[in-house]
Each structure stands twice: as C-alpha cells, then as structure tokens.
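Notes follow once the structure below has been shown.
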Amino acid sequence: MPVEIERKFLVHSDAWRADVRRREYFAQGYLAASERCSARVRVGDGRAWLNLKGRLRGATRLEYEYEVPVAEANEMLDQLCALGRVDKWRHWVPYAGHEWEVDEFLGDNAGLVVAELELADEAEPFARPPWLGAEVTEDLRYLNTNLASRPWRHWPEAAGVAP
C-alpha cells in the first residue's frame, strides 16, 4: 500500500529563497473530491500525472500516482476539472538533512506560501528551518483540493493578516 507521510507548514519569510536547489511550475486540477479521497491531474516540466489521495490518519495518506500523456492531461485540466485548479511554483529547499518542498501559489491563491516535508514515519524528527511558520497539517483548508475550490484570497487571512 503506497503511503505519503507529509507535514505542512506556513512560511513566514523569504529566507528560504537563498537555498532553492530547483523549482518547477505545476498546474493541477481536481476531477473529484470527497471526505475520503481526491483525484487530480497535474502537469509540470513536460510531464503529467493522475494522482489519487486518501486520508488515513494524521499526516499519513494513501497515495497512488500514474504518469499520463501531457496532451491528455492538459485536455483534462481544460475540460474535466469542475472542482477548480491550483497553479504554483514548487521550490526544493534542502535543510538539515531533509528536502523541503516550498509551494508558492499563483492566481487566486497568490500570496500563500506553504512548506511541505515528506517523512518516513510520523514521529521522524526534523530540524525546523528559521523561515518556517505554524504547522497546518491538520487544517483542511490548506489541502490543494480545497484551495482549488475555495481560494486563499477569499479568506480573511488574505486581507492583510499574515497566514
């Protein structure tokens, strides 16, 4: 059973930018979503994937991912993603033996920056970079599927209160 263990945090400064190893633009849209799972299509860097995620507990989720032709994925993004889409730059930032994924959202989610860390175990220790803010792993508003249907710019936090 493929699982993903991922912790998610807000980012409170731009200090991470100095250590970016690489970055990639992603466009992703949601084909279906429920309390149990989501189905998305993602295009980035000349490749595309279908992805199914289901919540198990805490930071652990089932995750299935399949590469698909880019032309078909773009067609799905344009024609089938009734639940909205998310556009973002993903930056890979190494810190203290781990690689952080820092997502800088665009469009209706512009201004929101979130850092994610994949772990081998929910209890795995990790060092917190100085630019890391509050943990939002359990805050369902920050799931990309929810950001697609209820963008961050519509939240009171986007009106001037720091996320």
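Exactly one residue out of ARG36, ARG21 is at pLDDT 95 or above, closer than 28 Å to ALA123 by Cα and open to solvent by 70 Å² or more (accessible area, probe 1.4 Å): that is ARG21. Considering only segment 144-157, I want to know if a residue exists there that is over 18 Å from TYR30 (Cβ atoms) and β-branched (Val, Ile, Thr). Scanning segment 144-157, I find no residue that is over 18 Å from TYR30 (Cβ atoms) and β-branched (Val, Ile, Thr), so the answer is no. Regarding segment 78-93, can at least one residue be identified that is touching an Asp or Glu at 6+ places or on another chain (Cβ under 9 Å), closer than 27 Å to GLU122 by Cα and either outside any strand (DSSP E or B) or open to solvent by 50 Å² or more (accessible area, probe 1.4 Å) (or both)? The answer is yes, given that some residue of segment 78-93 is touching an Asp or Glu at 6+ places or on another chain (Cβ under 9 Å), closer than 27 Å to GLU122 by Cα and either outside any strand (DSSP E or B) or open to solvent by 50 Å² or more (accessible area, probe 1.4 Å) (or both). The set of residues from segment 97-132 being more than 16 Å from the chain's Cα centre (by Cα) and not aromatic (Phe, Trp, Tyr) comprises GLY97, HIS98, ALA120, ASP121, GLU122, ALA123, GLU124, PRO125, ALA127, ARG128, PRO129, PRO130.
Taken residue by residue, segment 110-118 has at least one member that is over 18 Å from ILE5 (Cα atoms) and outside any loop (DSSP other than H, G, I, E, B).
Set side by side, the residues GLU122, GLU138, GLU157 differ, and just one is in a loop (DSSP other than H, G, I, E, B), surrounded by 13 or more Cβ atoms within 10 Å (Cβ to Cβ) and out of contact with any Phe, Trp or Tyr (no Cβ under 9 Å at 6 or more places or on another chain), which is GLU122. Among the residues of segment 53-62, those identified as surrounded by fewer than 17 Cβ atoms within 10 Å (Cβ to Cβ) and either on the phi < 0 side of the Ramachandran plot or not small (Gly, Ala, Ser) (or both) are GLY54, ARG55, LEU56, ARG57, THR60, LEU62.
Each row is one residue, and each column tells you yes or no for (1) under 21 Å from THR60 (Cβ atoms); (2) touching a Ser or Thr at 6+ places or on another chain (Cβ under 7 Å).
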{"site": "HIS91", "(1), (2)": "no, no"}
{"site": "HIS98", "(1), (2)": "yes, no"}
{"site": "ALA123", "(1), (2)": "yes, no"}
{"site": "PHE126", "(1), (2)": "yes, no"}
{"site": "GLU135", "(1), (2)": "yes, no"}
{"site": "THR145", "(1), (2)": "yes, yes"}
{"site": "SER149", "(1), (2)": "no, no"}
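Report whether or not VAL68 is at negative phi, open to solvent by 20 Å² or more (accessible area, probe 1.4 Å) and β-branched (Val, Ile, Thr). So VAL68 passes the test.
Among the conditions (1) of a type outside the set (Phe, Trp, Tyr); (2) modelled with pLDDT of 95 or more; (3) touching a helix residue (DSSP H, G or I) at 6+ places or on another chain (Cβ under 7 Å), the only one that LEU83 does not satisfy is (2).
The values are calculated or read from the model by the stated rules, or taken from the named source; none is laboratory data. These numbers come from a predicted model, not from an experiment. As a convention, Cβ positions derive from the backbone with ideal geometry for all residues, glycine included, and neighbour counts pool all protein chains shown. Remember, those area values only see protein heavy atoms, side chains included, never the ligands or the DNA or RNA. Shrake-Rupley method; radii C 1.70, N 1.55, O 1.52, S 1.80 Å.
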